[in-house]
1. Report every pair of residues separated by at least 6 positions or lying on different chains whose Cβ atoms are under 7 Å apart, first residue within the range 58-85 and not assigned by TED's automatic domain parsing to the domain that holds residue 15, second modelled with pLDDT of 90 or more.
2. Take the residues in the range 29-54 that are within 18 Å of the chain's Cα centre (by Cα) and farther than 15 Å from residue 68 by Cβ, then tell me which one is surrounded by the fewest Cβ atoms within 10 Å (Cβ to Cβ).
3. Name the single residue that is modelled with the highest pLDDT among those in the range 125-135 being surrounded by 15 or more Cβ atoms within 10 Å (Cβ to Cβ) and touching a strand residue (DSSP E or B) at 6+ places or on another chain (Cβ under 7 Å).
4. Suppose we filter 149, 141 for residues that are modelled with pLDDT under 80 and loosely packed, with under 15 Cβ neighbours inside 10 Å; which single one remains?
């Protein structure tokens, strides 16, 4: 089954170029393109898309506002940022909105395809140009020494849940893997987030990376 993509960018030639490139890829399909993110949330009511590829710089409205609306009204839709902006403020703001990918416009076609496919599978993708210190400061903004999350606060079951969440498993899949009920997973997951001081799945994933429950992506290991 093809991943259906909605393109959002103010540059029509850029959108058409991306659409042309994707047309040669068998597992991806562009189902629409917009020049502004202002009406994207309502557009998704009529366009069946699995993933939105959008620029933060969106005429007629802030691209981050558009992402917030997408995540609120269509939480099942993945969002990948394809942008020229890479300041720490933008990266942190985007991550806090639980985006699924962040790629720069000067990336290679191969990397863009990797980002789209990773996001479609529920895996967060960040371009290698987003440096390690940005990720670290996002995770621990109030800790001058950037300490790692307190592992000793987590029970064995909570560690297992954290690992499964970081691997992209749903509550139902985690429940099956740990022989627990989905309600128990949901309760433990909420407790886990409070202990770690995180707010969403993206932050949970980074916390799991930091304490070694899941393997660090290659781009991070090259920067450490």
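1. none
2. So the residue we want is 50.
3. Of everything passing the filter in the range 125-135, 125 is modelled with the highest pLDDT.
4. Working: 149 fails: loosely packed, with under 15 Cβ neighbours inside 10 Å.
Sole residue among the options that is modelled with pLDDT under 80 and loosely packed, with under 15 Cβ neighbours inside 10 Å: 141.
The values are calculated or read from the model by the stated rules, or taken from the named source; none is laboratory data. Just so we're clear, the structure is a prediction, and the values are computed from it rather than from any experiment. Cβ: placed from backbone, ideal geometry, glycine included. Neighbour counts: every protein chain shown.
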